[in-house]
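Only one structure is covered here, and it is reproduced in the block below.
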Amino acid sequence: MKLFHYLRTPYHIPLLTLAAPMILSNISVPLLGLVDTAVIGHLSHAHYLAGIALGSGSIALLFWLASFLRMSTTGEIAQAFGEQNQARSYQSLLASLAIAMLFALTLVASSPFLLDMIERLAKPSVEVMEQASLYFSIRIYSAPAAMMNLVLLGFMLGLQYGKGPFYIVLFTNLVNIILDLLFVIGFEWGVAGAAWASVIADYSALMLALYLTAALLKRKGWTFAWLMPNRAHLLHLLTLNKDIFIRSLVLQLCFSFMTFYGARLGENTLAANAVLLNFLMLVSFAMDGIAYAVEAKVGQAKGAKDVEKLKAWVAVSTLWGGLFALLYCFVFALFGPSIIGMLTTIPSVVDTALVYLPWLIILPLIAMSCFLFDGVFVGLTRAREMRNSMIFSALFGFFLPVFLLLDHGNHALWLAMTCFMALRGITLIYGYRKLDAQNSLLK
């Protein structure tokens, strides 16, 4: 009965007002991937598409590992906002930026080793590895900008400024799409052109993010101060980042296994999975729009010590997450073949992708809970529970089905991904209800 009570409360408009800019901008992120895939997919050979799939997939793995930067920043800033604690906000921002730069420089310095590891794990053909290496070697230099952008996005979200991330993400992807078309089709730079387009877009976005952050602080009347966190706060932030990093690492191990094992199944399977993963990315970024909003709202409610508002935000976001998931199932069922046809004209890749499309039709509804409750736990800054859920789900939801059904090839991969998403949602919901029963949501 409490669920229906929360759904009647006037929480819908505030949630959607914060979520809408993020949904719109996040949809543009996979659209960028669609443009990359479509531009390269219309070149003459499958190894171009397979190469950019391997190269960009590897970059995505590394950059998504840094999602802990945005998550921890959002949760910390949202709670500080609920407490009206300006000093805590600055301490968290500066510490997160320092961690972001250290992580980015480590990635750049270790790029030769990482490329060698990619080749050993994926064992691609010489042609595919040549294109993947070309893309990776260029794109890795956008790491400092990409990492700092994550922190600044988290800072704006924590302060309930949804339009800032909207402007940044949309600007990044518009620049990238324009340069993609110019470099790849106009200048005929191929895979290198797609990589340079992304690098330039990331640094352009950093300039915009810094400007918007300064403008936000000015509107709030905040005077920026260089405050380092005290020992207790620093240890808390490092522990939070460590647990979310482990959570992100395990998540990306599952996605990278899809890419690397798909490469062993042949370049047509690798290329087809690259096309289909764009469907999943489209779902994830759209669902994350709701999750980002609930991160900020739950964090603010926890900072203000208001458990009833916290529960209301969770209930309302669950309703809207379910509605968006059903919409995606419907769209993929009706237009999935047409979308595949827009992404690539290579007949063997199209035929292979169509075989596995049914998995993508059911995934949005199955995966909705894991995206949503990730946001809830970010707002609660309960990273340990997120970490434990991810490890358990990866072991028993992903890798166990893969190895039990390995003879079924690519179907085993997509079944494992489906089970993985379902188990993540189940374990996170269980964790939330356990905290609620123990009256520990505000602790």
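Compared with the dominant principal axis of the Cα atoms in the chain, helix 267-303 is inclined by about 0°.
Available extension along the chain between residue 239 and residue 120 is 39.6 nm, counting 0.36 nm per residue and deducting the alpha carbon span. Taking the average, over residues, of other Cβ atoms within 10 Å as the packing measure, peptides 53-60, 253-260, 360-367, 235-242 rank 53-60, 360-367, 253-260, 235-242 from highest down.
Taking Cα extents along the principal axes in Å as calculated from this structure, the corresponding entry among [x] 58, 46, 35; [y] 78, 41, 35; [z] 158, 72, 36 is [x].
Taking 67, 142 and ordering them by how much accessible surface each has at a 1.4 Å probe, largest first, produces 67, 142. Dividing the mean sequence gap of close Cα pairs (under 8 Å, 6+ apart) by how many residues the stretch 42-229 holds gives a relative contact order of 31 percent. Accessible surface of the chain, 1.4 Å probe: 69 percent of it comes from carbon and sulfur atoms. Taking 0.36 nm per residue of sequence separation and removing the Cα-Cα distance, the residue 327/residue 102 pair yields an extension gain of 77.0 nm.
In terms of its C-alpha gyration tensor, the stretch 139-226 comes out prolate, because a/c is 1.5 or above and the ratio a/b outweighs b/c. Relative to the longest principal axis of the Cα atoms of the chain, helix 86-109 runs at roughly 20 degrees. Taking the average, over residues, of other Cβ atoms within 10 Å as the packing measure, peptides 418-427, 269-278, 204-213 rank 269-278, 418-427, 204-213 from highest down.
What is the stretch 42-229 by shape, rounded, prolate or oblate, if you read a ≥ b ≥ c off the alpha carbon gyration tensor as root eigenvalues and call it rounded for a/c under 1.5, prolate for a/b larger than b/c, and oblate otherwise? Prolate, since a/c reaches 1.5 and a/b exceeds b/c. Dividing the alpha-carbon radius of gyration of the stretch 215-351 by the rule-of-thumb value 2.2 N^0.38 Å gives 1.49.
Ranked by the mean number of other Cβ atoms within 10 Å of their residues, highest first, the peptides 291-302, 181-192, 402-413 fall in the order 291-302, 181-192, 402-413. With a/c under 1.5 counting as rounded, go ahead and sort the stretch 185-239 into rounded, prolate or oblate using the C-alpha gyration tensor (a ≥ b ≥ c being the square roots of the eigenvalues; past the cut-off, prolate if a/b is larger than b/c, else oblate). Cα axes put the stretch 185-239 in the oblate bin.
Any idea what the relative contact order of the chain is, in percent, if you count C-alpha pairs under 8 Å spaced at least 6 apart? Averaging sequence separation for qualifying contacts and normalising by length gives 25 percent for the chain. The angle separating the long axis of helix 307-343 from the principal Cα axis of greatest extent in the chain is about 10 degrees.
Computed over the chain with a Gaussian network model linking Cα atoms closer than 10 Å, the most mobile of 388, 149, 176 is 388.
Anyone know which of 387, 247, 120 comes out most mobile in the 10 Å Cα GNM of the chain? Comparing 387, 247, 120 in a Gaussian network model of the chain, the most mobile one is 120. A straight Cα-to-Cα reach below 21 Å connects residue 302 with the lysines 2, 311, 434, 443, residues fewer than 8 places away in its own chain not being considered. In the elastic network of the chain, a GNM with C-alpha springs shorter than 10 Å, the most mobile of 97, 372, 152 is 97. With contacts taken as Cα pairs under 8 Å and at least 6 residues apart, the stretch 104-187 reaches a relative contact order of 30 percent.
The values are calculated or read from the model by the stated rules, or taken from the named source; none is laboratory data. The shown structure was predicted, so the numbers you read here are calculated from the model rather than taken from an experiment. All Cβ positions, glycine included, derive from the backbone under ideal geometry; neighbour counts span all protein chains shown. Each accessible area value is taken on the protein alone, full model and side chains, heavy atoms only, with ligands, DNA and RNA left out. Shrake-Rupley method; radii C 1.70, N 1.55, O 1.52, S 1.80 Å.
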